[in-house]
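**Student:** One structure follows; several queries about it will come next.
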Amino acid sequence: MDKIPSRSTTASLGPDAEKDVDSILDDPELEAKVWRKLDLWILPVVSIFYLFSFLDRTNIGNAKVAGLLTELHMTPKQYSIALTVTYVPYIVVELPANLLLKRIGPNVMLPSMITLWGVVTACQGTVKTYGGLLACRFFLGLLEGGVLPGIVLYLSFFYPRLRLQTRVATFFSTASLAGAFGGILAYGIIHLNGQHGHSGWQWIFNIEGVITVFLGLVSFLLLPASPDSVRFLNEEEKAYVKVKLVEDGVIEEKYDAFSWGEVVKGFISIHVLLASTLFFFGGALLYSLAYFTPSILTSLGYTASKAQLMSVPPFSVAFVFMMLTAYISDRYHCRGAVTVFGSVLCLVGFAMFLGSKNHHVQYGSLFLSIPGAYILPAAVSTWNANNAAPHVRRATAIAFGFIMTNSGGILSTWLLGGSLSPPPLYTKATKTLLAFSAFMGAFAVLNMVYLARENRKKAVVRADVSREQEEPGLGDRSAWFVYSL
């Protein structure tokens, strides 16, 4: 649902723009041109960011089946510890990174992070001891932590709320591509085993790390800081973006300055707390499958190299599902319904894996659970970003959500990585993820009910009070800010 429109919205139109606000907003040709340009210039860059962020964080799963544990003399418990070590700094850095993004400039901060974590990824291919791997995983988490919440916040600088999920899903869909592409890439790379004295798992880290560094350096030249600094938009087009964001309640320039009070409001808003529960369950589902799908496939009887290839089809299906559900969500304004749909797919998929001993059925279950788990982050993160304003409150809500996502990720490393739920059945882990799927659907419905009730209250206020009479600076608590369902 949109923010209640106000054609009294004003914005600087620049020296070359003579149209008034009404005519700018009612120009469909200008509208199509602006969003097309942003989609062509910004989306590919942030999508590549997230593709390699996810690939470089989860390629340790490919390295595991390619001999990492054997050569470093690691136990499954030590593998889980290595994954956990990544998440601790990742979680700690998310909120401060999001609060600093606008101050430092996303055009500097995001490329710097991708370049540096690429260096660390490549260094993982040189480690000779378990301690060296732990050190690399720590710094990988430290440098990657601000990327995902930073990209979501960054896109909200350019797109109004009801155009956001398709864009968020576009870059999120690269996570499923990372699963597919990572499997194909790992299949090819492990055949370099023994070349120049490096094992196959070392080549996975070395090659993917070098590619990331190159992309990070190039992105310094490509990424704009804000709509005002976009080189490929003229003054009229920049004005259009700014007017749309102000009208939509995404930016309120007088109230966008940093305030600890806004940080607190970002943490304690009821809909943010409900969304954070969704983030936790979604994180456990997503990272369980992202890290352990190759291991699950080897437990079904596939060889290490064949497991890499067999992971490609379900992740490819996930990509298609993500884009379709994002389009439906933006078109019909149904963030919550898409979240429920994703949770149902997971529920059915995990039930199939748990209830059958047939390996073909268990493999087929991944075509439901993986798309379901990958639909959820885009829907929930967009839902969360849509319903928080002004800037500092939104930055806090986004960061808090991903803190919870990665807390779920920590749990996932122990669910499938240790002795708690050993292969090939992973019984306790599957039961837990099955329950999380059900809880996620239930909390999504609860959030929809709460937001609908708040919208009804706001409608009553709007009937009795004018916009000018309302207390300024309320952000998403304004009666004229209608929550997305």
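**Student:** Could you figure out which of (1) part of a helix (DSSP H, G or I); (2) free of Cβ contacts under 8 Å to residues at least 12 places away in the same chain; (3) within 30 Å of Asn59 (Cβ to Cβ) isn't true of Leu217?
**Tutor:** (2)
**Student:** Please go through the range 393-438 and give me each residue that is within 30 Å of Tyr154 (Cβ to Cβ) and among the aliphatic types (A, V, I, L, M), ordered by number.
**Tutor:** Passing the criteria: Ala395, Ala397, Ile398, Ala399, Ile403, Met404, Ile410, Leu411.
**Student:** Would the range 110-126 turn up any residue that is modelled with pLDDT of 90 or more and within 16 Å of Gly417 (Cβ to Cβ)? Lay out the reasoning, then the answer.
**Tutor:** Step one: list which residues in the range 110-126 are modelled with pLDDT of 90 or more, which gives 110-126.
Next, only the ones that are within 16 Å of Gly417 (Cβ to Cβ) stay: none.
Within the range 110-126 (the criterion being modelled with pLDDT of 90 or more and within 16 Å of Gly417 (Cβ to Cβ)), the answer is no, since none of the residues qualifies.
**Student:** What tally of residues in the range 125-167 results from selecting those that are part of a helix (DSSP H, G or I), in contact with a helix residue (DSSP H, G or I) (Cβ under 7 Å, 6 or more places away or on another chain) and within 18 Å of Val92 (Cβ to Cβ)? Can you show your working first?
**Tutor:** From the range 125-167, those part of a helix (DSSP H, G or I) are 130-144, 147-155, 161-167; that's our starting set.
Still in the running and in contact with a helix residue (DSSP H, G or I) (Cβ under 7 Å, 6 or more places away or on another chain): 130, 133-134, 136-144, 147-155, 161-167.
Still in the list and also within 18 Å of Val92 (Cβ to Cβ): 134, 136-144, 147-150, 153.
Qualifying residue count, the range 125-167: 15.
**Student:** Hey, among Leu55, Leu116, which residue is among the hydrophobic types (A, V, I, L, M, F, W, C), out of contact with any Asp or Glu (no Cβ under 8 Å at 6 or more places or on another chain) and not in a loop (DSSP other than H, G, I, E, B)?
**Tutor:** Details: Leu55 fails: out of contact with any Asp or Glu (no Cβ under 8 Å at 6 or more places or on another chain).
Within the list Leu55, Leu116, the selection yields Leu116.
**Student:** To continue, here is another question. Quickly run through the range 26-47 and pick out the residues that are part of a helix (DSSP H, G or I) and either at pLDDT below 90 or basic (Lys, Arg) (or both). Steps first, please.
**Tutor:** Going residue by residue through the range 26-47, those that are part of a helix (DSSP H, G or I) are 28-41, 43-47.
Of everything in the range 26-47, those that are part of a helix (DSSP H, G or I) and either at pLDDT below 90 or basic (Lys, Arg) (or both) turn out to be Pro28, Glu29, Leu30, Glu31, Ala32, Lys33, Arg36, Lys37.
**Student:** Mind checking whether some residue in the range 91-102 is under 23 Å from the mean Cα position of the chain (by Cα), at pLDDT below 90, surrounded by fewer than 22 Cβ atoms within 10 Å (Cβ to Cβ) and in a helix (DSSP H, G or I)?
**Tutor:** yes
**Student:** Would you point out which residue out of Gly336, Gly301 is surrounded by fewer than 23 Cβ atoms within 10 Å (Cβ to Cβ) and touching a residue at least 12 places away in the same chain (Cβ under 8 Å)?
**Tutor:** Working: Gly336 fails: surrounded by fewer than 23 Cβ atoms within 10 Å (Cβ to Cβ).
The match here is Gly301.
**Student:** Scan the range 244-265 residue by residue and report those that are modelled with pLDDT of 60 or more and more than 23 Å from Pro96 (Cβ to Cβ).
**Tutor:** Residues satisfying the conditions are Lys244, Leu245, Val246, Glu247, Asp248, Gly249.
**Student:** Now, a different point. Out of all the residues in the range 187-212, which are among the aliphatic types (A, V, I, L, M) and touching a Phe, Trp or Tyr at 6+ places or on another chain (Cβ under 9 Å)?
**Tutor:** Step one: list which residues in the range 187-212 are among the aliphatic types (A, V, I, L, M), which gives 189-190, 192, 204, 207, 210-211.
Those that are among the aliphatic types (A, V, I, L, M) and touching a Phe, Trp or Tyr at 6+ places or on another chain (Cβ under 9 Å): Ile189, Ile190, Leu192, Ile211.
**Student:** Kindly check whether there is at least one residue in the range 192-208 that is crowded, with 19+ Cβ neighbours inside 10 Å, within 23 Å of the chain's Cα centre (by Cα) and at negative phi.
**Tutor:** yes
Per-residue answers, yes or no, for (1) in contact with a Ser or Thr (Cβ under 9 Å, 6 or more places away or on another chain); (2) under 13 Å from Leu177 (Cβ atoms); (3) at pLDDT 90 or above; (4) polar (S, T, N, Q):
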position: Leu297; (1), (2), (3), (4): yes, no, yes, no
position: Ala307; (1), (2), (3), (4): yes, no, no, no
position: Val312; (1), (2), (3), (4): no, yes, no, no
position: Ala318; (1), (2), (3), (4): yes, yes, yes, no
position: Ala326; (1), (2), (3), (4): yes, no, no, no
position: Asp330; (1), (2), (3), (4): yes, no, no, no
position: Phe341; (1), (2), (3), (4): yes, no, yes, no
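**Student:** Somewhere in the range 91-104, is a residue polar (S, T, N, Q) and more than 20 Å from Phe402 (Cα to Cα)?
**Tutor:** Residues of the range 91-104 polar (S, T, N, Q): 98.
Now restrict to residues that are more than 20 Å from Phe402 (Cα to Cα): none.
Looking for residues that are polar (S, T, N, Q) and more than 20 Å from Phe402 (Cα to Cα), one finds none in the range 91-104, hence no.
The values are calculated or read from the model by the stated rules, or taken from the named source; none is laboratory data. Since we're looking at a predicted model, the values are computed, not measured. Ideal geometry is used to build each Cβ from the backbone, glycine not excepted, and the neighbour counts take in all protein chains shown.
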